[in-house]
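Scroll down for the structure; my scribbles are underneath it.
The values are calculated or read from the model by the stated rules, or taken from the named source; none is laboratory data. Note that the structure is predicted; figures quoted are calculated from it, not measured. So basically every Cβ, Gly included, is an ideal-geometry build from the backbone, and we count neighbours across all protein chains shown. Surface accessibility is based on the protein's heavy atoms, side chains included, excluding ligands, DNA and RNA. Shrake-Rupley method; radii C 1.70, N 1.55, O 1.52, S 1.80 Å.
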Amino acid sequence: GIKTGAAYCSANVTTEQAQEIKALITPGTTILFGACNDKTAQDKLLVNRTMIRSLAPEVHIRAIVIPDGCKDMNDVLLKHGAAGLKDLITKSISMDQYLLDQILDAEPVLDIQYRKAKQIVSVAENAMSAKDMIVQLAKRWNKDEATVTQFMTGKGSDGSAAGSLQFDNIASLITKYE
């Protein structure tokens, strides 16, 4: 179960709050974010995650997915009771995955999805999480994994440095028309 909880009661985690969290935790601690379903709170999740991770890189950060029809954790408690709230906590997901899902669900423009997804993958908690997201993105975008890996990491699927796909295409066009 949960032994300790904290609420930041604002869209922003302040530097002081992040430092306090750092002082209270031990390595391997999991932090759960149960942010409100409003745009302001959702838009600040990446910043808040980055703030905490920059001061406490050893923590694992997860997100509680607030169901549709509920504004926040209090609404979940009122509508679904303690058992419903506990169930949501148990089903929490990686913050990186949560942020990626939010971007993919909210952003209809594919080019913007590419850019925003790259931002999330670039700060993933670990290489395995990044790889899982790349696999998901390749399927969603109907691209091969090697292409998505190259775009997200600047490396080929084998880990070797890869040239810029855009530059390679331009170079081949120049060569073709010389």
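Evaluate the stretch 65-72: report whether one residue or more is open to solvent by less than 70 Å² (accessible area, probe 1.4 Å), closer than 22 Å to Pro27 by Cα and in contact with an Asp or Glu (Cβ under 8 Å, 6 or more places away or on another chain).
no
Can you tell me which residue is most open to solvent (accessible area, probe 1.4 Å) among those in the stretch 6-57 that are of a type in the set (D, E, K, R), under 24 Å from Lys91 (Cβ atoms) and more than 15 Å from the chain's Cα centre (by Cα)?
Lys39
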